[in-house]
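The values are calculated or read from the model by the stated rules, or taken from the named source; none is laboratory data. Owing to the predicted nature of the structure, the values given are computational and were not obtained by experimental measurement. Because the Cβ atoms are built from the backbone with ideal geometry, glycine has one as well, and the counts that use them run over all protein chains shown. With ligands, DNA and RNA removed, areas are computed over all heavy atoms of the protein, side chains included. Shrake-Rupley method; radii C 1.70, N 1.55, O 1.52, S 1.80 Å.
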Amino acid sequence: MLLSALIDTLSQIEEILDAILKLPDNQTAVLYIDTRVGSHVRHALDHYKALLLLEDSDVVDYNLRSRQSPMETDVDAAKREIAIIREQLCMFTYKDRSVRVVSEISCSETEVGEFESFLFREILWVVNHTIHHAAMIKVLLGQRGLCLADHIGLAPATASYERGND
């Protein structure tokens with residue numbers, strides 16, 4: 001259940017990248033970089049990578065970021081990163097347990113918080129966080145005329161509601 005949710009949301013990011021790659025080459029880079037889609041993709045993938053570090057640790061550090069990495073400016077690099085993450089997800093141990101979360105908590109000064117959590121709760125966070133960024137990307141691309149599938153950026157509760165299961 002949790003693995004499929006992680007892979008489904010990761011697939012949404014991949015679908016976004018595939019839609020961008022279908023554009024003429026001269027539009028791909030402009031759309032990906034100028035709209036900051038690449039930054040949103042990198043940010044979402046950073047959270048997957050932080051979660052995957054829990055395989056060998058009991059700390060998920062959301063401050064670990066790969067800012068200015070090639071996946072911010074190169075759609076193919078982002079797709080390669082997704083393939084690596086997908087492979088790692090399939091080998092991840094999905095047994096709930098206590099974990100420590102590390103994250104910046106202030107915009108006005110450097111302040112790092114450390115909190116107790118559980119693996120399953122953090123997986124849920126990454127799923128919802130990715131959907132949120134997919135929705136933001138969808139709006140950005142829509143403003144530039146690139147329409148994405150309806151399910152991109154759609155929250156699970158909204159999808160259930162729309163199916164009449166709410």
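How much of the accessible area of the chain, in percent, comes from carbon and sulfur atoms when a 1.4 Å probe is used? Show your work: numbers first, answer last.
Working: 4930 of 9230 Å².
Roughly 53 percent of what the probe reaches on the chain is carbon or sulfur.
Taking the inverse of the mean 1/r over every pair of distinct Cα atoms in the stretch 7-102 gives a Kirkwood hydrodynamic radius of 14.2 Å.
Output the antiparallel fraction of DSSP beta bridges having both residues in the chain, as a percent to the nearest 5. Looking only at bridges with both residues in the chain, the antiparallel portion is about 70 percent.
For D56 and D34, the FRET efficiency from 1/(1 + (r/R0)^6), where r spans their Cβ atoms and R0 equals 35 Å, is about 0.40.
Average accessible surface for the chain: 56 Å² per residue, computed with a 1.4 Å probe over protein heavy atoms with every protein chain in place.
Ranking V127, N63, I105 by how far each Cα lies toward the positive end of the dipole of the stretch 17-136 (charges on Cβ) leaves V127 at the top.
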